[in-house]
2 protein chains.
Amino acid sequence: MILGRKHLNENLLGAEYAVRGPIVIRAQELERGGRKIIYCNIGNPQALGQSPLTYLRQTLSLIEHPELMNQQAVVSLYPGDVISRAKSILQRHPHGSGAYTQSTGIPFIREAVAEFIRNRDGIPTDSDQVILTDGASKGAQAVLLALLRKKSDGFMIPIPQYPLYSASIAMYNGNQIGYYLDESNHWQLNEAALIESLEKAKLRGIHPVGIVVINPGNPTGAVLSYDNIKMVVEFARHHDLSIIADEVYQENVYDPDSRFYSFAKIMHDLDITDVPLFSLHSASKGFLGECGHRGGYLELRNISPEVLTEFVKLQSISLCANVAGQLTTYLMVSPPEANEESYPLYNKEKNDILSALKNKAETLKNGIDQIDGLSLDLPQGAMYAFVKIDLPAEKGVNTEKMTEAERLKYEGQRDSSYCMSLLEQTGICVVPGSGFGQLPGTFHFRTTFLPPQNEIEELVLRLKTFHENYVKKESVLS
Amino acid sequence: MILGRKHLNENLLGAEYAVRGPIVIRAQELERGGRKIIYCNIGNPQALGQSPLTYLRQTLSLIEHPELMNQQAVVSLYPGDVISRAKSILQRHPHGSGAYTQSTGIPFIREAVAEFIRNRDGIPTDSDQVILTDGASKGAQAVLLALLRKKSDGFMIPIPQYPLYSASIAMYNGNQIGYYLDESNHWQLNEAALIESLEKAKLRGIHPVGIVVINPGNPTGAVLSYDNIKMVVEFARHHDLSIIADEVYQENVYDPDSRFYSFAKIMHDLDITDVPLFSLHSASKGFLGECGHRGGYLELRNISPEVLTEFVKLQSISLCANVAGQLTTYLMVSPPEANEESYPLYNKEKNDILSALKNKAETLKNGIDQIDGLSLDLPQGAMYAFVKIDLPAEKGVNTEKMTEAERLKYEGQRDSSYCMSLLEQTGICVVPGSGFGQLPGTFHFRTTFLPPQNEIEELVLRLKTFHENYVKKESVLS
C-alpha cells in the first residue's frame, strides 16, 4: 500500500496550526520566485534582523569548543568574565554540550532557574520542580498530554489563543473550551466570560481539567493586571482547575503602566497552595530571541511527588532537552552582573532591543490609527499586535442563519482571503485572526512588530493602500 | 486540589522506561554520596570519556559566534576548510543558530541528507521527504502518533526492544505486538516468530499498522543480514504494514563479516515501492556521539503527498528542531573531504573511536566467556551487549502456574534485583533485560561497551566476583 490520509490518526488530521499554514507556504513560494517578503507571521526575532546578545554567543562558542580557552590569542579577545563563566560551566558540567544530561536537565541550571524565580518573585522555589525543555512548546505539550485523562476532558483556552494549544489538545484527543478575551478591556480575562464558557462546556458533557493563560498575551499583546490574575487563580481554585501559565513574554512589557506578575507570585501572595500550576518560560522571546536554540523551562507547583515522577518519566522517554538550549536558558536566567566586564555591552544590547520593540509597537499603532477600518489597542507587551479589520457584510449572506461551524468556516475564509491578498499585493505576511479564534462577526490579523523600524513604516503605508483598495473592491463585488 | 496520580492520563502512567528507571536513580544517589559509578546503562559516549570530533566543534563554535571569523588570531588557529565551511553555512543560512527554521529543517541540510542517502545506497532520494528532528526519538514518536488511528491499532516491536517504542506506544494509547528476536541466530528476525506474533495479535482483536525494526540492534548489538531485511520487507508488504527502520547505529558495525544495509536500499533493490518506510538516523551515535545536541532525521518513502503534509504540520506545531542539532546532523552527513585540511585529523579521530569500540566489545565478550552462568554473542554492531544470565530456579516457585502478567512481573523482579545488587556491590550500572523484554524463563542485562578500555576490564573482573557470589547466595536462600 501507499500510505494515505485514511491511514492517519484522525486527531492529527483535525489539528490546525495557522501560524505556519497556507499563507506562509505561499509566501515562501513567492520568495523563491524572487519577491521580497516581510515576514510578520511568526515571533522569530533573529530572522528579522535582531542580533544575538554577544555575551551569550561568546559563552556558547567556548562551550562548543573548549580548546579555544587554551589559546592566549583567543582569551585576549574575550572579556574575562565570559572566560570564567565558560570555565565554571564546564567545571560543574564537564560533559559539555555533547552528552545527554539528566532527563530534567543539568542540575546547576535548574538551580539557577529556581534562583531566578526566587529573585523575581520573592517566593520559595524548588529546583527539583523545574524541568528544562526544548523551548516552551514541548513543556506545554507535556502538561496537556499528562492531564487529559478521558475523552470528555478539556482545557479552557483563550480566544484568541496561540494555536500550539488548540493543535496539541486536538492531537491528544482532548476538548477545547474557548473563553473570550475582552477586546473592549485591553484583552484582559473576563470572569463572566470564563463562567459562561465553563457552563456551556459542562452542558456539552465536557469536563474541564485546566485553564491556559498567556501573559503577556499572544496574539493580543496584553499584559494582565494583578487583579485579573487574582481573579483567574480564584476561579481555577473554585473549579478545581490546573493552571498553565504561558509566561514566555515576561520580559516584553512596554507600557509604563503595566507590569508582569507571575501566577506563582500572586498565588503566593494569596497564600493559595492548592491550585496546581505549570509555568512556562523560554529563551526564544524576551530580548534574547534565541528561538533556534529551543531552550525553555517548565516549573510545577502544588502537585504531589508522584505527579513529578510521571513528568520526569515523560521527559526521560525522549531523553533530555538539547544542551545548547539548556545553556541558553542558563544564560537567560543568570546574566552577567553589574560589576562584570561584559555588563555594559550586555545591558546596552538588551535595552536597545527592548526600546526598539517599544518604538515599533508605537509606530504600528500610530500607523494603524491612520487607516479607516483598521483598529488596534497599543500592545502593552509581547511581540504582537492583533489588528481588528472592519469588513463590510457581504450582500446576500446572512451569517445569523448559519450553524456555528458554518459561520466559523465562512468568516475564516473571509479573513484568510484578506491576508492572502495582502501577501500577494504587498509581500506582507501576517496570520488571519481565525487562526487564533475571535468573536463571531469580528475579523483580525496578527502581525509581529519585529521587523526593523523602516520596514514597519513601509508596512503601515502599504497596508493603508491595500486596505482601502480591498474594501472598495469588496463593496463593488457584493 | 493538589494534583495527584489519579488526575493523570492513564496511558502516561502505564508507560515504562527502564533505561532511566529506579536503578539509575539509585546510581545517582550513590554517586552524590561519593561512590564511583560506571554508567553502562545508556548509550552516552561523551559522558563516558569519548571526545567530540574537533572538526565538528570548531565549526559549531564559529556558527555560534561568527565574529570570531573576523579575528586574524582566530582564523590562523583553525584549518582553512573549517572557516570556509562555516562561511558557506552562514551564506546559505544567514540567520545562523538563533532563529526558527522551516518546520522540517534548513533546506540545504535536508538536501545534504538526501545526498548522503543517495551516496550510501545508490538510490533516488527526495529532500522534501526528509524531516530534521531533535534526535531520532522525536522522529519515532511522530510516526507512532501519526499512525495509531484506533484503540485497536498496534505496532509490532522486537523483544528485546529499545523502550522508547513500548513507552511511546503506551502513551499514545496503541497496542504493543511483541515479536521475539532469535537469540540462537545472532538476534536476527525470525519469520515464524513474526507470523506467530501477528496471528496472536489478530486473535486478541488487535490491528497491526506497522513494524519497528532496530538495525543494528539495541539492545542486542546484532547487524541484520541482507536476506533477513528482505524477509521483513516482504512480510510487511504481505501484511500492509508500514516499516519504522531505526538505523541510528548504522556507522557502528564491528564484525568484518557484517555490513549495514538500509531498508531503503533493499526495498529499491527489490523494486518494492508500496511499503511505507520511515527511516531514522541520529547524530547521537555512530562515532560523533553528539547525544546532547539532539540532532537527527526522519526520511519518509512510499507515502502520499497528503501524508507528508500532515507530518510537516505535526513538526510545525512545535516549530522546528533545534538548530545546533540540525547543524550537527549536517556535519555528520557531509564530513570533510579527503583533500581538505581537516581530513587527516577527522579520519584519525573517527577511526580511533570506532576501533576502540570494536576492541571493547571483544574485551567484554572474552571476559563474559570466563564467567560461569553468563553468556554473550559477540556484538556485531551498535554500542550494547545483551548478556544472558543463568539464574537457578527458586525453590517453591512454579512459573508454569503463573499467568503471563504474573510471570513477567516475577521474572522482572528477579533480573531487577540482580542489577540492583550489581550496582550496590560494584558500582556498575546496567539495565535489567526485563526493561527491554525477553523470552519467558530467560534473564539478561544490557550493558554498553562505551566506558574506557581499562574500565571495561575492571567491569568484567568485578562482574565475575559479583555473579559467583550472587548465585551462591541465591542458592543458599532458595
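For segment B:138-218, place one equal point scatterer on every Cα, skip the solvent, and apply the Debye formula. What is log10 of I(q)/I(0) at q = 0.11, 0.16, 0.19, 0.21 Å⁻¹?
Reported log10 I(q)/I(0), two decimals: -0.27, -0.56, -0.78, -0.93.
From the Cα gyration tensor of segment B:367-414, with a ≥ b ≥ c the square roots of its eigenvalues, which class applies: rounded if a/c is under 1.5, or else prolate if a/b is larger than b/c, or else oblate?
Oblate.
Can you tell me the FRET efficiency between A:ASP372 and A:LYS87 if r is taken as the Cβ-Cβ distance and R0 is 56 Å, rounded to the nearest 0.05?
Numbers: r = 60 Å, r/R0 = 1.07.
The value I calculate is 0.40.
Where does each of A:ASP255, B:ASP246, B:ASP257 land when they are ordered by accessible area, with a 1.4 Å probe and the largest first?
Ranked list, largest accessible area first: B:ASP257, A:ASP255, B:ASP246.
I need the Debye-formula profile for segment A:54-93: one equal scatterer per C-alpha, no solvent, reported as log10 I(q)/I(0) at q = 0.35 1/Å, two decimals.
Log10 I(q)/I(0), no solvent term: -1.41.
Evaluate the distance, in nm, between pseudo-label points positioned 7 Å from the Cα of A:THR399 and of B:GLU67 along their respective Cα→Cβ axes.
Distance between the two pseudo-spin positions: 5.1 nm.
What is the ratio of the Cα radius of gyration of the protein assembly as shown to 2.2 N^0.38 Å, where N is its residue count, to two decimals?
0.94
Using all Cα-Cα distances in segment A:107-333, what percent lands in each 5 angstrom bin from 0 up to the longest?
In whole percents, the pair-distance histogram is 1, 7, 15, 20, 22, 18, 11, 5, 1, 0.
Out of residues 5 or more away from B:LEU3 or on other chains, whose amide H comes under 5 Å of its own, with H placed 1.01 Å from N in the peptide plane?
Close amide H contacts, sequence-distant or interchain: A:ILE303, A:SER304.
Which percent of the accessible area of chain A is formed by carbon and sulfur heavy atoms (probe 1.4 angstrom)?
49
Checking the cross-link filter: which lysines have an alpha carbon closer than 23 Å to that of A:LYS464, excluding same-chain neighbours under 8 positions apart?
Once the sequence-local lysines are set aside, what remains near A:LYS464 is A:LYS36, A:LYS358, A:LYS360, A:LYS365, A:LYS388, A:LYS472, A:LYS473.
Could you please state, rounded to a whole Å, how far the C-alpha centre of segment A:238-253 is from the C-alpha centre of segment B:1-65?
29
Quick one: what are the phi-derived ³J(HN,Hα) couplings along segment A:243-255, Karplus 6.51/-1.76/1.60 with θ = phi - 60°, whole Hz, x for glycine and proline?
In residue order, the calculated couplings are 10, 9, 9, 8, 10, 6, 9, 4, 7, 9, 10, 10, 6 Hz.
Along each of its three principal axes, how wide is the spread of alpha-carbon positions in segment A:310-363, in whole angstrom units, largest first?
44, 34, 16
So which residues of segment B:80-102 lose at least 30 Å² of accessible area, probe 1.4 Å, when you go from the chain by itself to every protein chain present?
Buried-area filter returns B:HIS95, B:SER97, B:GLY98, B:ALA99, B:TYR100, B:GLN102.
Under a Cβ-only charge scheme (Lys and Arg +1, Asp and Glu -1), can you give me the dipole magnitude of segment B:21-87 about the Cα centre, in debye to the nearest 20? Please report the intermediate quantities before stating the final value.
Details: 7 positive and 5 negative charges, 52 e Å.
Result for segment B:21-87 is approximately 240 debye, rounded to the nearest 20.
Tell me the trypsin sites (Lys or Arg not before Pro) within segment B:325-421 that lie in a loop according to DSSP and have at most 16 other beta-carbon atoms within 10 Å.
When the trypsin sites (Lys or Arg not before Pro) of segment B:325-421 are filtered for loop state and at most 16 Cβ neighbours within 10 Å, B:LYS395 remain.
Using per-residue counts of other Cβ atoms within 10 Å, averaged over each peptide, order A:330-339, B:327-336 from highest down. Let's see the in-between values first.
On the way: A:330-339: 17.9, B:327-336: 24.2.
Top to bottom by mean Cβ count within 10 Å: B:327-336, A:330-339.
When the Karplus curve 6.51 cos²θ - 1.76 cosθ + 1.60 is applied with θ = phi - 60°, which whole-Hz ³J(HN,Hα) does each residue of segment B:91-105 get, with x for Gly and Pro?
Once θ is set to phi - 60°, the couplings for segment B:91-105 become 6, 7, 9, x, 6, x, 8, x, 10, 4, 9, 3, 4, 8, x Hz.
Would you mind telling me the antiparallel percentage of the DSSP bridges in segment B:107-333, rounded to 5?
Bridges in segment B:107-333 are about 40 percent antiparallel.
May I ask you to evaluate 6.51 cos²θ - 1.76 cosθ + 1.60, the Karplus curve with θ = phi - 60°, for each residue of segment A:195-205 and list the ³J(HN,Hα) values in order in whole Hz, giving x for glycine and proline?
For segment A:195-205, the Karplus curve yields 5, 4, 5, 5, 4, 4, 4, 4, 4, 7, x Hz.
From the Cα trace of chain B, what convex hull volume per residue do you get, rounded to a whole Å³?
So the per-residue Cα hull volume is 181 Å³.
Among rounded, prolate and oblate, which fits segment B:62-191 when a ≥ b ≥ c are the square roots of the eigenvalues of its C-alpha gyration tensor, a/c under 1.5 means rounded, and a/b larger than b/c means prolate?
Details: a/c = 2.68, a/b = 2.19, b/c = 1.23.
Judged from the Cα gyration tensor, segment B:62-191 comes out prolate (a/c at least 1.5, a/b above b/c).
Of the options A:VAL75, A:VAL209, A:ASN322, report the single residue whose Cα projects farthest towards the positive end of the charge dipole of chain A (beta-carbon charges: Lys, Arg +1; Asp, Glu -1).
A:ASN322
Could you list the trypsin sites (Lys or Arg not before Pro) in segment B:91-176 that lie in coil according to DSSP, counting only those with at most 16 other Cβ atoms within 10 Å of their Cβ?
Listed in order of number, the matching sites are B:LYS150, B:LYS151.
Looking only at other chains, what is the average number of their beta-carbon atoms within 10 angstrom of each beta-carbon in B:62-75?
Shielding by partners across B:62-75 averages 5.
Give the percent of DSSP beta bridges with both residues in the protein assembly as shown that are antiparallel, rounded to the nearest 5.
Working: 46 of 90 bridges.
Within the protein assembly as shown, antiparallel bridges account for around 50 percent of the total.
So the label point sits 7 Å from Cα along the Cα-to-Cβ vector; using that for A:ASP182, what distances do you get to the other copies, in nanometres, sorted shortest first?
Its label point is 7.2 nm from the equivalent points in the other copies.
With runs of 4+ DSSP H residues as the only contributors, calculate the mean residue ellipticity of chain A at 222 nm using -39,500 (n - 2.57) per run, divided by the residue total and rounded to the nearest 500.
Only helices count here, giving -14000 deg cm²/dmol.
7 Å along Cα→Cβ for the label point: how many nanometres lie between B:MET420 and each equivalent label in the other copies, listed shortest first?
Ordered by distance, the counterparts are at 6.2 nm.
Over 19 Å between C-alpha atoms is what I'm after, so list which of A:LYS151/A:LYS202; A:LYS200/B:LYS6; A:LYS313/B:LYS138; A:LYS138/A:LYS313; A:LYS6/A:LYS138; A:LYS313/B:LYS200 land there.
Too far apart for the 19 Å limit: A:LYS200/B:LYS6; A:LYS6/A:LYS138; A:LYS313/B:LYS200.
A:GLU16 accessible area, nearest 10 Å², 1.4 Å probe?
Looks like 140 Å² after rounding.
Give the calculated FRET efficiency between A:ILE195 and B:ARG32 to the nearest 0.05, with a Förster radius of 56 Å applied to their Cβ-Cβ distance. Kindly include the intermediate steps, with their values, before the conclusion.
Values: r = 49 Å, r/R0 = 0.87.
The computed FRET efficiency comes out at 0.70.
Under 1.5 on a/c is rounded, so check that first for segment B:336-478, then, if it is not, pick prolate when a/b is larger than b/c and oblate when it is not; a ≥ b ≥ c are the square roots of the alpha carbon gyration tensor eigenvalues.
It comes out prolate by the Cα gyration axes.
Tell me, what is the FRET efficiency for A:GLU424 and B:ARG120 to the nearest 0.05, using R0 = 35 angstrom and their Cβ-Cβ distance as r?
After rounding, the FRET efficiency stands at 0.25.
Just how much of A:MET156 is accessible, in Å², when a 1.4 Å probe is used and the result is rounded to the nearest 10?
Accessible surface of A:MET156 is approximately 0 Å².
Please compute the Kirkwood hydrodynamic radius of segment B:221-270 from all pairs of different C-alpha atoms, in Å with one decimal.
Details: mean 1/r = 0.0859 Å⁻¹.
Across segment B:221-270, the inverse of the average 1/r is 11.6 Å.
What translational D, rounded to a whole number of µm²/s, comes out for segment B:232-367 from Stokes-Einstein when the hydrodynamic radius is the Kirkwood one over Cα pairs, at 4 °C and 1.567 mPa s?
Using the Kirkwood radius from Cα pairs, D works out to 74 µm²/s.
Per residue, how much accessible area does segment A:107-333 have with a 1.4 Å probe, in Å²? Could you put the intermediate results ahead of the total?
On the way: 6650 Å² over 227 residues.
Value for segment A:107-333: 29 Å² per residue.
Give me the net charge of A:GLU29's neighbourhood, meaning all other residues with Cβ under 15 Å from the Cβ of A:GLU29; Lys, Arg count +1, Asp, Glu -1. Each step should come with its number before you reach the end.
On the way: positive: A:ARG20, A:ARG26, A:ARG32, A:ARG35, A:LYS36; negative: A:GLU31, A:GLU424, B:ASP128.
Around A:GLU29, the surrounding residues sum to +2.
Using a label position 7 Å from Cα in the Cα→Cβ direction, what is the ascending list of nm distances from B:LYS348 to the same site in the other copies?
4.3
Partner chain Cβ atoms within 10 Å, averaged over the residues of A:7-19 - can you pull that number for me?
Partner-chain Cβ atoms within 10 Å, mean over residues of A:7-19: 6.
Just tell me how shielded A:235-247 is by partners: mean number of partner chain Cβ atoms within 10 Å of each residue's Cβ, no decimals. Write down the numbers at each step before the final one.
Values: counts 0, 1, 1, 0, 0, 3, 1, 3, 0, 0, 0, 0, 0.
Mean partner-chain Cβ count within 10 Å for A:235-247: 1.
The values are calculated or read from the model by the stated rules, or taken from the named source; none is laboratory data. In this text, all values refer to a predicted model and were calculated from it rather than measured experimentally. For neighbour counting, all protein chains shown are included, and Cβ atoms are generated from backbone atoms with ideal geometry for every residue, glycine included. Side chains included, ligands, DNA and RNA excluded: accessible areas come from the protein's heavy atoms. Shrake-Rupley method; radii C 1.70, N 1.55, O 1.52, S 1.80 Å.
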